[in-house]
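The block underneath contains the structure these notes are about, expressed in structure tokens.
The values are calculated or read from the model by the stated rules, or taken from the named source; none is laboratory data. None of these values were measured; they are calculated from a predicted model. Cβ coordinates were reconstructed from backbone atoms using ideal geometry, including for glycine residues, and neighbour counts include every protein chain displayed.
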Amino acid sequence: MDAIRFEHVTFAYDNGFVAVEDVSLIISAGEKVAIIGQNGAGKTTTVKMMNGLLRPKSGKITVFGEESAKKTTATLSKKVGYVFQNPGDQIFNQTVYAEIAYSLKYLKIDKAEIERRVMMAAQMCHLADELLTNPYDLPFSIRKFVTIASVVAMDVDVVILDEPTAGQDLLGLLYQKEIIEKLHQMGKTVITISHDMEFVIENFDRIIVMADKKVVGDANKREIFWDFDLLDKAALKQPVVAQLANRLDMKRNIINIVDFVSEYEK
Ligand SMILES: Nc1ncnc2c1ncn2[C@@H]1O[C@H](COP(=O)(O)OP(=O)(O)OP(=O)(O)O)[C@@H](O)[C@H]1O
Ligand SMILES: [Mg+2]
């Protein structure tokens, strides 16, 4: 089943600036996908159209087979959860608990179930000890987990993480890896935008590359990072290990140390 389908989608902001142009893509239910590309490529604009936060100027978007133009953002948000790139755009409650519970209260879910979901999401995002803290008293890196927990608590089918790795230390990156893995195991579709290529390579196989408003690549990571025309177009670099393998004329498609060592030992 297709979770998200874009057919020739174009988007323009109110000032007329076209940020996404003729994008077509299909993401299947339960898939784990990374979206990469330089600043301003149109990544955030693209994913915001997946849950109706932004609406396309032309083209068609379907979410689990249903045309999104016919659905309200509130309805779409029950299926597709978007974790904002900047936590400040998402957080407005006085405590971590209230923030995670907010959308659940809005949906009039009963109190015991709200509590259960908040606790589950807080555990998963390592926030169980911060439930009474004001989110703005937490460092940016942990605040990001508050926004992730809010979407996890919604129990949506599609989770979109916009730059979850920005400003994270190694422990933060490990927690993110665990969250993505857990969501994937739960059968969720996980879409993650990131500038951290190491993180992307470690956690995803399918990569969608955007450059200058368009999708310019959509393939397995081992193809993406050895497609020099594509890397050039999207102003991306090969991972260092792949650069080394290339210099040594080793097999193509090496993208991490495990690949490198297994080829080296042959
Ligand atoms: N509200 C807005 N009004 C006008 N233009 C905008 C608006 N928001 C974004 N843009 C422009 O649209 C383009 C695409 O922005 P978008 O945020 O989708 O890029 P991105 O790929 O997510 O970049 P980044 O990696 O920096 O987050 C950029 O040129 C940006 O300046
Ligand atoms: Mg962005």
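Elements of the type helices (runs of 4 or more DSSP H) sitting completely within the range 24-140 and holding at least 3 residues that are crowded, with 16+ Cβ neighbours inside 10 Å and polar (S, T, N, Q): these cover 43-48. Against the test of being in contact with a strand residue (DSSP E or B) (Cβ under 6 Å, 6 or more places away or on another chain), under 30 Å from D137 (Cβ atoms), within 16 Å of ligand 1 (Cβ to nearest atom) and not aliphatic (A, V, I, L, M), the options Q90, Q85 yield a single qualifying residue, Q85.
Residues of the range 10-52 that are under 30 Å from Q185 (Cα atoms) and among the β-branched types (V, I, T): V23, I26, I27, V33, I35, I36, T44, T45, T46, V47. Considering (1) part of a strand (DSSP E or B); (2) away from ligand 1 (no atom under 16 Å from the Cβ), the lone condition that V20 does not fulfil carries the number (2).
You will find that of V156, V146, the residue that is closer than 28 Å to I27 by Cα and assigned to a helix (DSSP H, G or I) is V146 and no other.
Going through (1) away from ligand 2 (no atom under 16 Å from the Cβ); (2) in contact with a Ser or Thr (Cβ under 8 Å, 6 or more places away or on another chain); (3) touching a residue at least 60 places away in the same chain (Cβ under 8 Å); (4) aromatic (F, W, Y) one by one, F84 falls short only on (1).
If you go through the range 176-219 and keep only what is within 16 Å of A166 (Cα to Cα), assigned to a strand (DSSP E or B) and in contact with a helix residue (DSSP H, G or I) (Cβ under 6 Å, 6 or more places away or on another chain), you end up with just I193. In this structure, does K60 turn out to be farther than 24 Å from M186 by Cβ, away from ligand 1 (no atom under 16 Å from the Cβ) and in contact with a helix residue (DSSP H, G or I) (Cβ under 8 Å, 6 or more places away or on another chain)? Criteria met by K60.
Residue count for the range 1-37, restricted to those that are within 15 Å of ligand 2 (Cβ to nearest atom) and either modelled with pLDDT under 95 or within 15 Å of the chain's Cα centre (by Cα) (or both): 4. The listed residues are K221, K177, K182, K213, and the only one of them that is of a type in the set (D, E, K, R), buried (at least 19 other Cβ atoms within 10 Å of the Cβ) and more than 16 Å from ligand 2 (Cβ to nearest atom) turns out to be K221. Filtered by the rule that a residue be closer than 30 Å to K214 by Cα, surrounded by 14 or more Cβ atoms within 10 Å (Cβ to Cβ) and acidic (D, E), the range 224-266 gives a lone residue, D227. One residue stands out in the range 127-159 among those that are within 16 Å of ligand 1 (Cβ to nearest atom) and farther than 18 Å from L104 by Cα: the one that is nearest to the chain's Cα centre (by Cα), namely K144.
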